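We did not get these values from a lab; they are worked out from the coordinates using the rules stated. Treat the numbers as computed from the prediction; the structure is a model and nothing was measured. Note that each Cβ is placed from the backbone with ideal geometry, even for glycine, and that neighbours are counted across all protein chains shown.
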Amino acid sequence: MRAHAVVRLVALVLAVAPAGAAAQHNAGAPAAPYLPGAPASQPAKPAASRWESLILGYKRSPEFTQDRNFTSTRFWLLDPGEFEVESWVDSRVMQKINGSRGASEVLFQQELEIGLCPHVQLDLYENFTANVQGNGHRGVQQEGIQLEARIAIPSYYGQIFGNPVVYLEFHPRHADPDRAEIRLLLGGALSRRWFVAINPYFEANVEKTPGAASDGSAKWILDAEVGTTAALGFAVAPWLRLSAQLKIGGDMLGDPANKLHFVAWAGPGFILRPLPGKKAQYLKIMGTLLVNLVPGWKNPDIAPQMLQPTVIVGSQF
């Protein structure tokens with residue numbers, strides 16, 4: 001315990017909340033920590049067994065790390081034996097072109113997150129789009145699936161500064177080339193109410209696009225993205241956290257010339273857990289509204305995206 005307390009003090013910026021919060025609580029102050037611990041009405045999860053701690057190096061993570069606090073930036077991973085089901089509605093609102101608004105894109109996702117074992121979380125997605133087709137009508141299409149893995153480098157949350165996690169994604173698609181992504185997840189609590197996450201990332205197609213060449217053959221259109229997402233959160237109350245989120249980097253935006261274009265997005269986000277006490281984990285409502293800060297990129301084949309609203313409803317068990 002003493003060694004763990006020293007780690008906390010050394011990694012104050014991106015580690016678990018200050019030990020002073022617990023001292024205030026013991027002194028009678030209304031200081032059940034908003035971030036690392038559960039609210040007073042919600043008992044903390046049981047500590048890991050001695051065997052888990054000594055043999056596997058596994059310890060229970062702070063309660064707030066088990067939530068998707070930011071829709072655009074990942075952070076830490078689920079403890080072993082934890083599951084979460086999430087339903088996503090993710091939209092891209094296009095810029096007006098020649099006086100008329102471009103056809104906005106809508107993506108529906110159903111996700112299952114599994115705390116598989118110490119150090120590893122597995123995510124499974126089923127994706128559907130509701131986009132305007134060639135006939136001018138909007139319809140629902142099965143877009144593909146996503147397979148994601150989070151692999152924690154430290155044995156438990158707070159052991160290493162920044163709580164680094166390697167994130168890997170493979171995204172098979174029916175009508176478009178398959179894609180792959182890699183991220184480094186970093187983050188932690190700055191204080192009793194403030195927390196932060198940062199994700200450097202790279203994503204690209206991993207196969208040629210059929211019929212993309214001038215002679216009708218397949219061609220490499222990487223459609224790569226590289227950059228960083230970042231988010232700063234604030235715990236207003238045990239049931240509500242607000243955030244400011246940012247995405248900045250380069251994006252080929254489907255450019256056949258494989259040229260990167262500078263992109264920057266920013267906007268507010270939230271996570272709401274309206275149910276009281278132990279039931280809080282059974283209903284989580286999350287959302288973000290990102291605004292394009294660099295809308296001037298021009299391509300006659302692609303309507304520039306202006307807004308990216310996202311809403312997620314989840315339940316953990």
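Assorted remarks:
- Condition check for THR209: out of contact with any Leu (no Cβ under 7 Å at 6 or more places or on another chain), touching a residue at least 24 places away in the same chain (Cβ under 8 Å) and more than 30 Å from GLY134 (Cβ to Cβ): no
- Among residues that are over 20 Å from ASP90 (Cβ atoms) and touching a residue at least 24 places away in the same chain (Cβ under 8 Å), LEU293 is not included.
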